[in-house]
Amino acid sequence: MIFLKPEEHHWMDSLNIKKLFKAFPEETIRFVGGCVRNALLGFEVSDIDLATQLKPNEVKKCLENAGIKYLTTGIKHGTITAVIEKNTFEITSLRSDFNTDGRHAEVIFKSNWEVDAQRRDFTINALYANFKGQVFDPTGKGLKDLRPVKISFVGNPENRIREDYLRIIRYFRFLSCYGTKDSVNPETLSVIKANLEGLSRLSPERLWMELKNLLSANSVFHALYLMESTGVLKYILPELKGVSGLKKLEDLERSNTISVDPLLRIMTLIHRDIKKVNTLCDRLRMSSKETKRLQLWSTSQYEIQKDMLNIDIMNFIYKEGHQVFFDRCTYDITSQDEYNKYHDLKLLIKSSQKIKIPIFPVKGRDLKSIGITPGPQMGLMLNALETIWIESGFESTRENLLQFAKGLEY
């Protein structure tokens, strides 16, 4: 019998959790999934999910009687979200799935923990724990698959995948977060390869969210290498250039030169081509902020040189911004084979972080004060003065520029 000691896990012993468990009849609610798995592995627990033998309407009554607020946005699939002091806890009624189409499933509510466990994706996700910390493993394989970690589907892998094809991407995400080379089952990879077309049934939003979660893991190279070799990566990223640059990017992350960034990782995987970037952003329905960043990176006109002077870096950053310079440097690093250039580009990133974007010192009101009328003429004058200011290395003063403006004719 395995126990988690609540006194050693603050998330199990909080006042909010005590209040929540007290609202339910004893032994009708348990911790489930990621919080149990991570606690057993010694990893940080961020989200706390719970499962209950009670049906959604019964869950609502328990929460109401305890004075706990809740949200019902997931009630169709049996999930009620309890809200206690701005903390949220998803409580899902035990269930089994039917009429699955690879994207959605209709559910039947059950009261049996074993039945609920059989509908979950991976054995290490089908672990439960009660308020006292006793761990339950209804599949009989979850605890065994934790040490060493094996990413195993519950039951028949093909059945689990065909219930929801997003589990293909989730498999590689779990592999990157918890697994090693020894965690991979060749037969599972064969099943995944045979079911690639099912990915086309997924909504772009779900696919991008899961892919972004995967690309946010600490180390993803091995998982993406397997995704490339099985054809998964090319299927969801037709713009794929290759995964070799990702290994260099992870070297930068480990050296603390940069932080883990899903968009940077996307950049290392694809070509710097605006048409392909636009197609990618449209297909995955990325946010406007994500799209703009990738577009600016792909259309950047300046060249990155390993021997750039500070004034050249400042010029680049003034015209295109810190983020574009950083993205371009990082992309160039991951594209290099020569160690010296690789090292010099790392230094460029560090140098750029110290540079403040200069502010053009002349405004329209300044030109108006010397007799220039607002309109097209003023716009041309401002552009000309800005060019002079940039070519001076951003050193020309406001007074010098206005003096020069008095001698220009438009």
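Coordinate-derived values only; no laboratory data. All figures in this text were calculated on a predicted structure; none of them were measured in a lab. When we count neighbours, we look across all protein chains shown, and the Cβ atoms used for this are built from the backbone with ideal geometry, even at glycine.
Assorted remarks:
- Here the residues Tyr165, Tyr171, ranked from fewest to most Cβ neighbours within 10 Å of their Cβ, fall in the order Tyr165, Tyr171.
- In order along the range 192-206, phi translates into HN-Hα couplings of 4, 4, 7, 10, 4, 4, x, 5, 5, 7, 6, 5, x, 5, 5 Hz, rounded to whole numbers, per the Karplus curve 6.51 cos²θ - 1.76 cosθ + 1.60 with θ = phi - 60° and x for Gly and Pro.
- Evaluated at q = 0.07, 0.08, 0.13 Å⁻¹: base-10 log I(q)/I(0), Debye formula over Cα of the chain: -0.49, -0.61, -1.12
- The chain - mean residue ellipticity at 222 nm from DSSP helices (-39,500 (n - 2.57) per run, n ≥ 4, rounded to 500): -14000 deg cm²/dmol
- Cross-link check: pairs Lys5/Lys55; Lys141/Lys181; Lys363/Lys406; Lys61/Lys110 evaluated at a Cα-Cα cut-off of 24 Å; pairs beyond the cut-off: Lys5/Lys55.
- Helix 288-299 vs. the chain, principal-axis angle (Cα, 0 to 90°, nearest 10): 50 degrees
- Histogram of C-alpha separations across the range 237-357, 10 Å bin width, %: 13, 45, 35, 7
- Structural descriptor for the chain: relative contact order 9 percent, calculated from alpha carbon pairs under 8 angstrom and at least 6 residues apart.
- Along principal axes, Cα extents of the range 364-406, largest first, whole Å: 28, 17, 14
- Using the Cβ-Cβ distance between Gln377 and Tyr235 with R0 set to 56 Å, the FRET efficiency from 1/(1 + (r/R0)^6) comes to roughly 0.50.
- Computed from Cα positions, the angle between helix 274-284 and the longest principal axis of the chain comes to roughly 30 degrees.
- Straight-line cross-link reach from Lys306 at under 28 Å between alpha-carbon atoms covers these lysines, not counting any fewer than eight positions away in the same chain: Lys241, Lys247, Lys248, Lys275, Lys276, Lys292, Lys319, Lys341, Lys346, Lys350, Lys354, Lys356.
- Listed by Cβ neighbour count within 10 Å, with the fewest neighbours leading, Phe109, Phe153 appear as Phe109, Phe153.
- Size of electric dipole in the chain: Cβ of Lys, Arg +1 and of Asp, Glu -1, about Cα centre, debye, nearest 20: 620 debye
- Here the simple spin-label model places points 7 Å from the Cα toward Cβ, and for Lys193 and Ser392 these points are separated by 6.6 nm.
- Crossing angle, helix 244-254 versus the chain [Cα axis fit, 0-90 degrees, rounded to tens]: 90 degrees
- The range 1-147 shape via C-alpha gyration tensor axes, a/c threshold 1.5: oblate
- Taking other C-beta atoms within 10 Å as the exposure proxy, Arg119, Arg328 rank Arg119, Arg328 from fewest upward.
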